[in-house]
Amino acid sequence: MRHEIQFLLEDVLGPVADAQPEDHPLFRVNRDTSTVYETDETLDMQTPIQTRKKQLQRANFVGVASETTNPTPVGPGRRYDLQTAVSIRLEGLSAAKRGHIEHPSTDGVPFEAPFRSVFDAVQGAMSYPDVGRPGVSYRDLTITNVDDAQSEHSDFYRAEFDVLLRGYTDTP
């Protein structure tokens, strides 16, 4: 699963993070290891969002975590149908609390902007994503379980969706 996480964080979300305004950065997090790519620090995105206010004042965060891998034998020989699921979560803090998310009329970016950038980048990798995993060929990825209910009554913003990579492998 390491290859899929690395593919999403580096190849797909790296350009998104690089394109964010300097005063409203987007940091990438491997949620399996709690490693922040941009700083080499750790951030546990499994803890309640309210406990990470200090970190959210520095940047918005997008984290990727592994969920499941499900190899199923298909046909003769050692060929397996493979489905790998990963979770992508985006978090931010209101500019009113010295974060980076707000309505366009204030000093911040609307939460929809980084969410749409992340979502569109993942959607753009839909056909034949090459994750660099030996013996695995993915034919596509699909986006499922989109939870983009952005809070308009809270200082904390969070959206999440799952990515299902589908393909084949020679080893289970």
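Given their separation in residues at 0.36 nm each and the Cα-Cα distance between them, His3 and Glu112 gain 36.4 nm when the chain is fully extended. Please list, short to long, the whole-number percent of alpha-carbon pairs of the range 2-169 in consecutive 5 angstrom bins beginning at zero. In order of increasing distance, the bins hold 2, 9, 18, 21, 19, 13, 8, 5, 3, 2, 1, 0, 0 percent. Helical runs (DSSP H, four residues minimum) scored at -39500 (n - 2.57) apiece and divided by the length of the chain put the mean residue ellipticity at 222 nm at -4500 deg cm²/dmol.
Each eigenvalue of the Cα gyration tensor of the range 1-94, multiplied by 5 and square-rooted, gives one semi-axis; in descending order these are 31, 14, 10 Å.
Bear in mind these aren't lab numbers, they're just calculated from the coordinates by the rules spelled out. Note that the structure is predicted; figures quoted are calculated from it, not measured.
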